[in-house]
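Notes follow the structure.
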Amino acid sequence: MNRAECLCDMEIGERATIRKLLSQDGIRRRLLDIGMIEGTVIECVGQSPCKDPMAYFVRGAVIAIRKKDGCDILIEKQGEREWD
């Protein structure tokens, strides 16, 4: 990873691997409970009109994460998904 990128840097259609959670306490526990675990592949699939929150596909489910919380999730981008 050239520079530390966070979840909120992703654009729709990009895929990434979660590298580290910087969140603390309750929000960390909630993120872990919904599958935001190091090594997990995540894809940005949508956004609200104001771009906050963003929607991500992770472990078979679509979840919405606020930009504030996404900035505490470090990722390594993989590129865009190729559709069949």
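Observations on the structure shown:
- Accessible heavy-atom area order of Asp69, Asp25, Asp52, Asp33, highest first, probe of 1.4 Å: Asp25, Asp33, Asp52, Asp69
- Of all stretches in the chain that contain no trypsin sites (Lys or Arg not before Pro) in a DSSP loop with at most 11 other Cβ atoms within 10 Å, the longest one is 4-50.
- In terms of Cα atoms, the Rg and Dmax of the chain work out to 11.8, 41 Å.
- Ligands, DNA and RNA aside, Glu43 has an accessible area near 10 Å² when probed at 1.4 Å.
- From the C-alpha gyration tensor of region 24-68, square roots of 5λ in Å: 18, 14, 7
- The chain: calculated mean residue ellipticity at 222 nm from DSSP helix runs of at least 4, using -39500 (n - 2.57): -3500 deg cm²/dmol
The values are calculated or read from the model by the stated rules, or taken from the named source; none is laboratory data. From a predicted model like this one, the values you see are computed outputs, not experimental measurements. Positions of Cβ are backbone-derived with ideal geometry, glycine not excepted, and every protein chain shown enters the neighbour counts. SASA here: full protein model, heavy atoms, side chains in, ligands and nucleic acids out. Shrake-Rupley method; radii C 1.70, N 1.55, O 1.52, S 1.80 Å.
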